[in-house]
Amino acid sequence: MEDSINLFLGSHRLLVWLVGGFIIIGPFIVMFMRDYFNPYEKAQRKDNRERKEHELKLQIQKNLKSAKENEEKIKKEQQDILERKQRIKEEEIIKYKQLRKEIETMPIYKRWRQDVFKKCGNKCQMCGINTNMEIHHDPSFYMLLKQNNINSTEKAFECKQLWNVENGEVLCKECHSKMESSENRQSLSLGNNH
């Protein structure tokens, strides 16, 4: 009999605990069940989810469009920079050619040429022939102007390195065309750079 009383009291305690728990948690469960299974709430949740997905897709499309526009803008800027560099280089070449022509008409240049021919014996210093002779600056005429920041005939006149006979040698046209400065001249379209 004692066992049945303990069983009754144990069951009773369990029942009290369950009922008490339901009283505390029950309203929340009821609200959850009501909201979760409520067709209106369910439709609203679905609408919210679809709206968020749609907003996310729109944001992704906007970001992709913006990234593509930025990429195109960067490419355009890079192209503009390349074109500006090319124009600057072309202007530099034109200025160099003009300055070179002016320097080559100077009496000091003509005297320097004659002295280099005299020093080299009027023959090519590479192959020894004495036809189609040209004067070669070493370092190149272009580099001498650039290194010494020569941008006028006045500065050219004052540059001792430009007129140093030891910086010149006589080469035939064929040997002169094999020189590195000749290759640079052809690649830059600089004309007669020696």
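The values are calculated or read from the model by the stated rules, or taken from the named source; none is laboratory data. It should be emphasised that the depicted structure is a prediction, and the values quoted were computed from it without experimental measurement. Neighbour counts are summed over all protein chains in view; Cβ atoms, including those assigned to glycine, are modelled from backbone coordinates with ideal geometry. In case anyone asks, the SASA skips ligands and DNA or RNA and just uses the protein heavy atoms, side chains included. Shrake-Rupley method; radii C 1.70, N 1.55, O 1.52, S 1.80 Å.
Contact annotation: residue pairs with Cβ atoms under 9 Å, 6 or more positions apart or on different chains, pairing a residue in the stretch 144-162 that is farther than 15 Å from K97 by Cβ with a partner that is of a type in the set (F, W, Y) and open to solvent by less than 30 Å² (accessible area, probe 1.4 Å), are L162/Y109; L162/W112; L162/F141. Put simply, of M126, M143 the only residue that is open to solvent by 100 Å² or more (accessible area, probe 1.4 Å) and among the aliphatic types (A, V, I, L, M) is M126. Restricting attention to the stretch 61-89, the residues that are more than 19 Å from the chain's Cα centre (by Cα) and either in contact (Cβ under 8 Å) with a residue 40 or more places away in the chain or open to solvent by 90 Å² or more (accessible area, probe 1.4 Å) (or both) total 4. For the stretch 147-166, a tally of residues being farther than 15 Å from D115 by Cα and of a type outside the set (S, T, N, Q) returns 7. For the stretch 92-114, the condition of being farther than 22 Å from E158 by Cα, surrounded by 12 or more Cβ atoms within 10 Å (Cβ to Cβ), over 43 Å from the mean Cα position of the chain (by Cα) and of a type in the set (D, E, K, R) holds for none of the residues.
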